[in-house]
Every structure is written in structure tokens, then in C-alpha cells.
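This report refers to the structure that appears directly beneath it.
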Amino acid sequence: MAQQSITLIGGGLVGALLAQQLARRGFAVDVYEKRPDPRRAGFIGGRSINLALAERGLQALRTAGLAADVLQRAVMMRGRMVHTRDGRSGLQRYGVDDSEVIWSVSRAALNMLLLDAAETSGVRFHFGQSLVAADFDARRIRLADEQGKERSIDAGVLIGADGAGSALRAAMHAYAPLGERIEPLGHAYKELEIPPAGTLPASLLGESGGHDQFALEPHALHIWPRGGYMCIALPNTEGSFTVTLFLPGQGPHPSFATLPDTAAAQAFFREDFPDLLPLIPDFAQDYDSHPVGTLSTLYLDRWHLDGRALLIGDAAHAIVPFHGQGMNCGFEDTVVLAALLAESPEDTAEVFAEFQRIRQPNANAIAAMALENYIEMRDSVADPHYLAKRELGAL
Ligand code: FAD
């Protein structure tokens, strides 16, 4: 049984799933996570509230023995429900039956489930510990606690699952340039919420009176495509939907720059999303208090520093969210890496090179598809030519 010691930075979605798989294979795994333990302190989000889990990610969860547990906490989405400007809607199914669907999961619930699973497998988590520097020659890292107090510790083989703004990536890049390229999308996002149907006036829910506890069809990924921008909504198990508005950050109307306050934003929704606005009773509060998130694609020439350090998940290949594949791709990474490390635990330089060789073409392809899909989602899905082609099975 392997005894290699692994020091993982970041206990988010990818870090926690990787840690669980490595621990199950006999590695001694320590995870240093910047945030407090979400199971005790409450989940501190920052990225999307819920995510689409697709077959790619689900297969990784099956390998880890966690798929059934996760699906119990997920809502099935059979296709895209497209809402046109004149208030009509129609479902474009992902496949002919329910064998081809995706799932909406809460980021917080999923992260906590993965932390529990990793801990059960023997992973040691160190919460409230932020990586601030790494000395790759001495094999030591410097960590700051939540009060900013720093300490240095010996590190095992280092793996960075610390997300798009990875501190380990910055340290590796300073030591030996990684060929980093970050391409901002120029579009940004803000999240809003449709509450469960029971909290909305019956007059808003149409003739059906809603869909059980949901204000809209629950088994769909809802899209309000409007050309250069769009809203989407994903269902949550308790009956609410998380709505995300995607819009240019700057530039002529509409952009986040031209919607500086809730009055301007409400007027814009009244014009462009008239059927959606009434379903968001706390619009003003949501719009005011939720941050505008930026979106970029990250490309690296090198994901590793010989056998001493490796990047995985968003730390290696952050993408824009329009294919709903960032987490799914990161989950797939974990399966490949855990299998390679289990085969050759002592030869990490070879394993890391092989991991990059296998995964980088996939990550690049998914990054390109995600960028293309933004155009398709915000524009083509409501285009009559697109719909006609789809009818004919050309798409
Ligand atoms: P993260 O989730 O960012 O986790 C990184 C972890 O590292 C965090 O816990 C953080 O606290 C910790 N950390 C950061 N810095 C340090 C440090 N210095 N020291 C210690 N710890 C640190 N993907 C999908 O597959 N489907 C979707 O539907 C989807 N929707 C999305 C919607 C939006 C709006 C966005 C922004 C992203 C979406 N994604 C989606 C992408 C998905 O969120 C990411 O791909 C995924 O979170 C990557 O996981 P990760 O663990 O690599 O990074």
C-alpha cells in the first residue's frame, strides 16, 4: 500500500473529491483550506449557488462511490426550457429519454458531502489555513490563519486545487514560469433568486398554479436568451431557483455599467424579462447585495513543477461556465490523477507529466466549447433557423 504523503491546497469541490480518492488508495493526505469548515461555520460561497452536474462528473462520483448520495440531493434537468421575449416557453430535450439528462446540485451541499466522504476515508483537513508562499527547494509552505498569523510547515508532494485564483499557481509561476494566459470574457454575472412557489401570489403561477413547490417547471434548465445577453435558472431541491444574469461588464446598454442601481436594473428586467421579474420578489435586495462576478478562461503551458507540485481543476484550467463543465472537468481530472498516482506513487514527475498529457487536450476542448456555448445559449437557442435545424436532427 502506498504511503506517499500529499499536501493538497484547497478543499473545494475538486480538492475534496481528489483527497477522498487518494486516501482510499492509501495516501496520507493533508488538505489546507482557506475558508472555515462549512459544516460548522456555514458555507461561504463566492461562486455559483448551484451547478449542473453532467455525465462526465457523475462518472467520477461513481468511481468514488458517491454518485447515489449526490443524486439524492439533486434535481434532474431534462433539457433547456427556452423562454422567448413574448412569454412563450418550450423544452428542448437533451436526449430522447431520461438516460440523457443533467442534474442541478447545490454547491454547498455537494462540497459538504465530499468533505464528509474524504474525512471518512482518512483525510486530515486544516480549515482556515491559507497558502501564502511555497519554498519548492526546501519543500516547505507558508500558511496564514484567519487572523493573518503565519507559520511554515514541511510539505509532501504539493497539489493545488485552490481554484481560479490559485496561490500555489502564483508560487509555481514565480519559481519557474508556467506560460500563463488569462483571457477575460468581458461578460460578467449576478445571481438572483426565485423563491418556492408557496411564497409567491397564485396569480403569478399561471393556470397550473406552479409545479408542486416550484414556480417553474423544475426538471429543466431555464434560459431567457436575448441576443447579446441572457438569464438562466437552475432548480434547487427545496423549490427555489437560482437565476443568473449574464451581461457585458462594460459598454453600451445593457451592461452592468449601465445598470448601476436597482431602479435601472428593474426597468431593464421589465423590458427584457417581463415574465421573470415578478417571480423574483426580492429583486432589489438581491441585485443590491449580490456581487458581480467576472469570467475568464485560464490557459497554462505547464501544469506541474517536475514531481514537486501539480495544479488540478480550476487552478489549472478555469473556464467560462456556459457548458456547465468546469466542475465536471475537474472531477474527471481527479479520477485520472488518483489512478496514475496509485500506479506509480514514487514517480510523481512522470505521473504529473502523464496527467497533463492526458488531460490538457480535454481541458482545452472543453474551454473552447464553453465559449461557443455562450453564443448558442444567449442567441441561437431562440433563433427560428436553429430550431428548424434541431427539429430535423441536424443539431
Ligand atoms: P473552487 O471551487 O474555486 O475551490 C477552490 C478552493 O480552494 C476553495 O475552497 C477555496 O476556499 C480554496 N482556496 C483558495 N485559495 C486558497 C489558498 N490560498 N489556500 C488554501 N485554500 C484556498 N461547473 C460545472 O461543472 N457546472 C456548472 O453548472 C457550473 N456553473 C458555474 C457557474 C458560475 C457562475 C461559475 C463562476 C462557475 C461555474 N462552474 C460550473 C465552474 C465550477 O464552479 C468550477 O469549475 C469548480 O468550482 C472548480 O472547483 P475547484 O475545486 O477546482 O475550485
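Just so you know, all these numbers are worked out from the coordinates, no wet-lab data involved. Since the model is a prediction, treat every value here as computed from it, not as a measurement. Cβ placement follows ideal geometry from the backbone for every residue including glycine, while neighbour counts extend to all protein chains displayed.
General remarks:
- Qualifying positions in region 72-124 - within 30 Å of Gly227 (Cα to Cα) and of a type in the set (Val, Ile, Thr): Val75, Val82, Thr84, Val96, Val101, Ile102, Val105
- When residues of region 56-86 are limited to those that are of a type in the set (D, E, K, R) and without any contact (Cβ under 8 Å) to a residue 40 or more places away in the chain, the one surrounded by the most Cβ atoms within 10 Å (Cβ to Cβ): Arg62
- Across region 315-327, the qualifying residues are those that are in a helix (DSSP H, G or I) and surrounded by fewer than 24 Cβ atoms within 10 Å (Cβ to Cβ), and the one among them that is nearest to the ligand (Cβ to nearest atom) is Pro321.
- In region 32-41 there is no residue that is out of contact with any Leu (no Cβ under 8 Å at 6 or more places or on another chain) and hydroxyl-bearing (Ser, Thr, Tyr).
- Looking only at region 119-176, and only at residues there that are in contact with a Gly (Cβ under 6 Å, 6 or more places away or on another chain) and either away from the ligand (no atom under 14 Å from the Cβ) or among the acidic types (Asp, Glu) (or both), the one that is nearest to Ala23 (Cα to Cα): Asp162
- Hits in region 9-40 - residues which are more than 9 Å from the ligand (Cβ to nearest atom), under 17 Å from Ala144 (Cβ atoms) and not in a loop (DSSP other than H, G, I, E, B): Asp30
- Of the numbered criteria (1) within 16 Å of Leu340 (Cβ to Cβ); (2) in contact with a Ser or Thr (Cβ under 6 Å, 6 or more places away or on another chain); (3) surrounded by fewer than 19 Cβ atoms within 10 Å (Cβ to Cβ), the one Ala28 fails is (1).
- Subset of region 87-99 [surrounded by 13 or more Cβ atoms within 10 Å (Cβ to Cβ) and part of a loop (DSSP other than H, G, I, E, B)]: Tyr94
- Residue in region 254-275 that is within 20 Å of the chain's Cα centre (by Cα) and in contact (Cβ under 8 Å) with a residue 40 or more places away in the chain present: no
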